[in-house]
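Trainee: Handing you this structure, nothing more for now.
The values are calculated or read from the model by the stated rules, or taken from the named source; none is laboratory data. If you're wondering where the values come from, they're calculated on a predicted model, not measured in any experiment. Glycine also receives a Cβ, built like all others from the backbone with ideal geometry; neighbour counts cover every protein chain displayed. Side chains are part of the model used for accessible areas, which takes the heavy atoms of the whole protein and leaves out ligands, DNA and RNA. Shrake-Rupley method; radii C 1.70, N 1.55, O 1.52, S 1.80 Å.
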Amino acid sequence: MAVTVDNTDDLTRAPGASVTPDTLPNDLDITDLVVGGGTEAGPRDTVQVQYQGIRVSDSGEFDSSWGRGGTPVEFPLNGVIDGFKLGISGMREGGRRILVVPPHQGYGDRGVPPVIPANAHLVFVVDLVKVN
């Protein structure tokens, strides 16, 4: 699978990611675009992030904090899908990371109709703004 990010390193702007599906990973795939230098996130931390979420099946954006005014979203990592919890844990503030999330680490066979179909592979480009 190929993930193209138009803006790889300017964390003040949306990443502009798109996906070309071919071979899909069986487990979470993590690629750092920018390695942050701040506090490292742990699996029980509450974090503030900017993100773009894309369905692999049709390359459609299904959610984006950038699309809702560019305000970071805050949540505890122990309250989100495994792909987010595992993919953001170990990331440092100021970093930008691509997460390719297989269904069993995302929304599984239930999906989130009508936005995310059942058994969907998802791609997230995540900027870690702050670890609380």
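Trainee: Is it the case that the range 79-92 has a residue that's without any contact (Cβ under 8 Å) to a residue 12 or more places away in the chain and either closer than 19 Å to D10 by Cβ or over 12 Å from the mean Cα position of the chain (by Cα) (or both)? Spell out the reasoning first.
Mentor: Of all residues in the range 79-92, those without any contact (Cβ under 8 Å) to a residue 12 or more places away in the chain come to 79-80.
Restricting the remaining residues to those that are either closer than 19 Å to D10 by Cβ or over 12 Å from the mean Cα position of the chain (by Cα) (or both) gives 79.
Yes: one or more hits.
Trainee: For the range 1-119, please list each of the strands (runs of 3 or more DSSP E) lying entirely inside it that holds at least 1 residues being open to solvent by 20 Å² or more (accessible area, probe 1.4 Å) and among the small types (G, A, S).
Mentor: Working: elements: 2-5, 17-20, 29-34, 46-55, 61-64, 73-76, 96-101.
Answer list for the range 1-119: 2-5, 17-20.
Trainee: Which of the following residues is within 13 Å of V125 (Cα to Cα) and touching a helix residue (DSSP H, G or I) at 6+ places or on another chain (Cβ under 7 Å): I88, I98? Quick ask: steps written out before the conclusion?
Mentor: Details: I98 fails: touching a helix residue (DSSP H, G or I) at 6+ places or on another chain (Cβ under 7 Å).
I88 is the lone residue from the list that is within 13 Å of V125 (Cα to Cα) and touching a helix residue (DSSP H, G or I) at 6+ places or on another chain (Cβ under 7 Å).
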